[in-house]
Amino acid sequence: MRVLVVTAVPAESEAVTAGLRGAHPAPDVSGAPESVPLPGRTLLRVPCPAADGSAPGLVVDVLAGGVGPGASAAATAGAVMAGALHGRPYGLVVSAGIGGGFAGTAPVGSVVVADTIVAADLGAETPEGFLPVTELGFGTSAHRPPAALSRALAAAASAASGPVLTVSTVTGSAARAAELAARYPGAAAEAMEGFGVAEAAAAQGLPVLELRAVSNPVGPRDRAAWRIGPALTALSGACGALVSVLHTWEGPVS
């Protein structure tokens, strides 16, 4: 299987790559991953052998696609198309990175696997409240990852499972955090790329997962409270779990 993992920034890609390589160390992945040029970006190709060191069977490409749903959608679409054109189609797309965690569900340093990928602010404000784009009759505002696969990954990564919200503006107040939590019951985390990745994957009929490590609480903006280093470490560990799950997965990836 070929898997595409899309992050926002290079630091996340480095954490993801470290986790992929550390899951099952083998001589052929002990050096730097292969770099594959794409227009304006670099894709890192990481063979992931099984635990017994046998032939990879699983190859993961890691791409830093940029910040926000637009950049992530464009990067994902370009990489997916390039893979298809070169005879290396993907079977799964993963949005991975760090993000904010909702109080009571995902504390700082924990991991979240999305059971729903939601465009939290795509829609319209009305006198009666927010209307998601789906209710306006234009497309969809949520994508659902393969349920059994996302549950297996959550279990392997000791992660919370719940909706992950994609926002174009990071939450910076308690009032906004409360509004989002009320609008999307059970929301576990927020980030800025998942829905863009999911839209591009869905357009090509590909299943998608979203994996987030929590660097800060969703709420009042306090940079001093962010823990980016531990979140990146948690992201690496979760990507190791992703490799283990995909090596042993026998169900459909759809």
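Restricted to strands (runs of 3 or more DSSP E) entirely inside region 82-181, those with at least 2 residues that are open to solvent by less than 60 Å² (accessible area, probe 1.4 Å) and closer than 21 Å to CYS239 by Cβ are 92-101, 111-119, 160-166.
To keep it simple, each residue is scored yes or no on (1) under 17 Å from the mean Cα position of the chain (by Cα); (2) over 29 Å from LEU44 (Cα atoms); (3) modelled with pLDDT of 85 or more.
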site	(1), (2), (3)
MET81	no, no, yes
GLY87	no, no, yes
GLY99	yes, no, yes
THR105	no, yes, yes
VAL112	yes, no, yes
LEU122	no, yes, no
GLY129	no, yes, no
GLY137	no, yes, no
PRO146	yes, no, yes
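Of the residues making up region 92-145, those that are under 16 Å from ALA200 (Cα atoms) and among the β-branched types (Val, Ile, Thr) are VAL93, VAL94, THR116, ILE117, VAL118, THR140.
Residue under question is ALA159, and the condition is that it be of a type in the set (A, V, I, L, M, F, W, C) and either modelled with pLDDT of 95 or more or under 28 Å from ALA18 (Cβ atoms) (or both); does it hold? Before you say what the answer is, go through the steps one by one.
Details: of a type in the set (A, V, I, L, M, F, W, C): yes; either modelled with pLDDT of 95 or more or under 28 Å from ALA18 (Cβ atoms) (or both): yes.
So ALA159 passes the test.
Condition check for GLY162 on (1) of a type outside the set (S, T, N, Q); (2) farther than 21 Å from VAL214 by Cα; (3) touching a residue at least 40 places away in the same chain (Cβ under 8 Å): one failure, at (2). The set of residues in region 117-146 being free of Cβ contacts under 8 Å to residues at least 24 places away in the same chain, acidic (Asp, Glu) and closer than 22 Å to GLU193 by Cβ is empty.
The values are calculated or read from the model by the stated rules, or taken from the named source; none is laboratory data. Quantities reported herein were computed from a predicted structural model and do not represent experimental measurements. So basically every Cβ, Gly included, is an ideal-geometry build from the backbone, and we count neighbours across all protein chains shown. Side chains are part of the model used for accessible areas, which takes the heavy atoms of the whole protein and leaves out ligands, DNA and RNA. Shrake-Rupley method; radii C 1.70, N 1.55, O 1.52, S 1.80 Å.
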